[in-house]
Amino acid sequence: MSERDAEHQQWWRHAVTYEVYVRSFADADGDGVGDLPGLTARLPHLRDLGVDALWITPFYRSPQRDHGYDVADYTDVDPLFGTLDDADALVARAHELDLRVIVDLVPNHTSSEHPWFRAALEAGPGSPERARYLFREGRGADGSLPPNNWRSVFGGAAWTRVPDGQWYLHLFDSSQPDLNWRNPEVGDMFESVLRFWLDRGVDGFRIDVAHGLVKEEGLRDQVVPEGSEPGSAAPTGGSMIERTLRDEPMWDQPEVHEVYRRWRRVLDEYAGPRGDRILVAEAWTQTPESMARFVRPDEMHQAFNFSWLLAPWSAEAFAAVVTGTLEAVGPVGGSPTWVLSNHDVIRHPTRYGGGPRGLARARAATLTMLALPGSAYLYQGEELGLEEVDVAPEHRTDPSWFRTGEAGRDGCRVPLPWDGDAAPYGFGPGTGQPWLPQPAGWGPRSVAAQQADPGSTLAFYRAALAARRTFATTAGESVTDLRVEGAVLSFRRGPVTVVLNCGSEAVPLPPGEVLASSAPAGTVLSRDLPADCAVWLRDPAAR
Ligand code: NOJ
């Protein structure tokens, strides 16, 4: 295979993929909730931005208790979002625009309204229907205590009791019962789901909770962090992400990799003129090494690497993430991935302190990330510099908010502003607020307003992605001369030197032509690199 053919085949190795949180992207029918026709109509925005692919959060039939991550039918579109024809039209239009489409697969759990779970409830203890899930007897003389001390990621006990006295496991909300992946029926069902969407032309799958499918045999107790009460409904043991990251009998079991070997064989059958169809793991693993196990040559193509997102604003921390990631992924031949925001975490300008400084840092971290080898994931609205919205408690919808009282994830999911000066800012044809209220004063953040402003964050993203296509994706797979001097990180990618100033003072700028910078438009970078700023420089010798 020529180098060009290989590049086309393995498009994912350097792709920039844009996450569409479907409820909040664009609403065509005016019900205040985003939908597939709305997304299709707005695809030119993604083409103009310069991304290669989009990943769409779940749009299958679902009671929406966790906004689609609770699936009642994996092979149909929820009427809230449209129809199967709308899904086909979306894929076709995306392909016309040279955008690949990755859909979200949720195999760890179904909705409690899935026909399998309803049948399990009806069939009773010991039935084959119950064996598709993790039903157990309770502890204590009358079985009134949960079978073990596991906590839900969303807070509280991970077990719910049904009227006949048995308990079922749900690592997330009680409306999301965990499947029993040791039962072959489950694997067979998901293979048919993969084929259903592959036959409709999708280019890949993002695999939800990829590290959680198989639980340790015996379901032993988890180690309870000191000071927290087993089985309590309190938000014990750190943030939601910390709870998912701990080494526990429900995460990262070796048998989970068998599942992905089987799926990889299926996807390989479908590789065609558009290149590989891919699997991307959402796996909140402990270490870069455990992340790399998901991307061994016969498993997934990619795994989200959350270490860039979790790193504090520090040159040393960023350098350690780059080194750790490349060292882990290199030996298995995988391509690294990088991400700063998604629908589960606080938007990165807010994480970096908010306001003008948070935005400056966010742009700098993004520009640095886009220079790294491998592929990058963007989350809708980051190209507009959106910050986390402080959603009033009465409007919050996140199940983790209901289970723990922690603010939850609604703040990064507020519908996008497209144009205008008042809600719904062109999100849909209606006049009122969409499903989560948009803040006042969002007009200047809208796509239309930023499109008209060469100094906008949208213009910065477009320029950065264009520079990436020209300079970074052709710079090979390695990072050289990685250095931390004081608060400054620098590294080389082929002929390009990347410098990120994490300090609070300007620093002297090395020589070279400025190819891209995160500084506000109009800033002339000649002798100094301001604080909270990143730049790509072409070595004078390489011109
Ligand atoms: C990860 C998804 O990103 C998140 O939104 C969801 O709540 C959980 N998995 C459970 O499916």
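Quick notes on this structure:
- Contact annotation: residue pairs with Cβ atoms under 6 Å, 6 or more positions apart or on different chains, pairing a residue in the range 517-543 that is under 19 Å from Asp453 (Cβ atoms) with a partner that is among the small types (Gly, Ala, Ser), are Ser518/Ala364; Ser518/Ala534; Ala521/Gly455.
- Residues being part of a strand (DSSP E or B) and touching an Asp or Glu at 6+ places or on another chain (Cβ under 6 Å) are represented in the range 533-543 by at least one member.
- For Val103, the conditions (1) within 16 Å of the ligand (Cβ to nearest atom); (2) in a loop (DSSP other than H, G, I, E, B) all hold with the exception of (2).
- If you filter the range 35-60 down to residues that are part of a strand (DSSP E or B) and within 16 Å of the ligand (Cβ to nearest atom), you find that the one that is farthest from the chain's Cα centre (by Cα) is Tyr60.
- Filter result for Pro63 (more than 21 Å from the chain's Cα centre (by Cα), more than 25 Å from Thr337 (Cα to Cα) and either without any contact (Cβ under 8 Å) to a residue 24 or more places away in the chain or assigned to a loop (DSSP other than H, G, I, E, B) (or both)): yes
- Check on Val484, among the hydrophobic types (A, V, I, L, M, F, W, C) and over 25 Å from Trp313 (Cβ atoms): no
- Test for Pro79: is it assigned to a loop (DSSP other than H, G, I, E, B) and outside the structural domain of Trp284 (by TED's automatic domain parsing): no
- Of the candidates Ser192, Ser127, Ser144, Ser112, the single residue that is of a type in the set (Gly, Ala, Ser), within 16 Å of the ligand (Cβ to nearest atom) and over 20 Å from Glu255 (Cα atoms) is Ser112.
- A single member of Leu219, Leu198 is modelled with pLDDT of 95 or more, within 23 Å of the chain's Cα centre (by Cα) and not aromatic (Phe, Trp, Tyr), and it is Leu198.
- Among the helices (runs of 4 or more DSSP H) confined to the range 296-409, the ones with at least 1 residues that are away from the ligand (no atom under 16 Å from the Cβ) are located at 307-310, 315-329, 348-351, 355-371.
- Number of the condition not met by Ala315 [criteria: (1) modelled with pLDDT under 95; (2) in contact with a Cys (Cβ under 8 Å, 6 or more places away or on another chain); (3) not aromatic (Phe, Trp, Tyr)]: (1)
- Of the residues making up the range 162-176, those that are of a type in the set (A, V, I, L, M, F, W, C) and either out of contact with any helix residue (DSSP H, G or I) (no Cβ under 8 Å at 6 or more places or on another chain) or away from the ligand (no atom under 14 Å from the Cβ) (or both) are Val162, Trp167, Leu169, Leu171.
The values are calculated or read from the model by the stated rules, or taken from the named source; none is laboratory data. Predicted model, so just to flag it, every value in this text is computed and none were measured. Because the Cβ atoms are built from the backbone with ideal geometry, glycine has one as well, and the counts that use them run over all protein chains shown.
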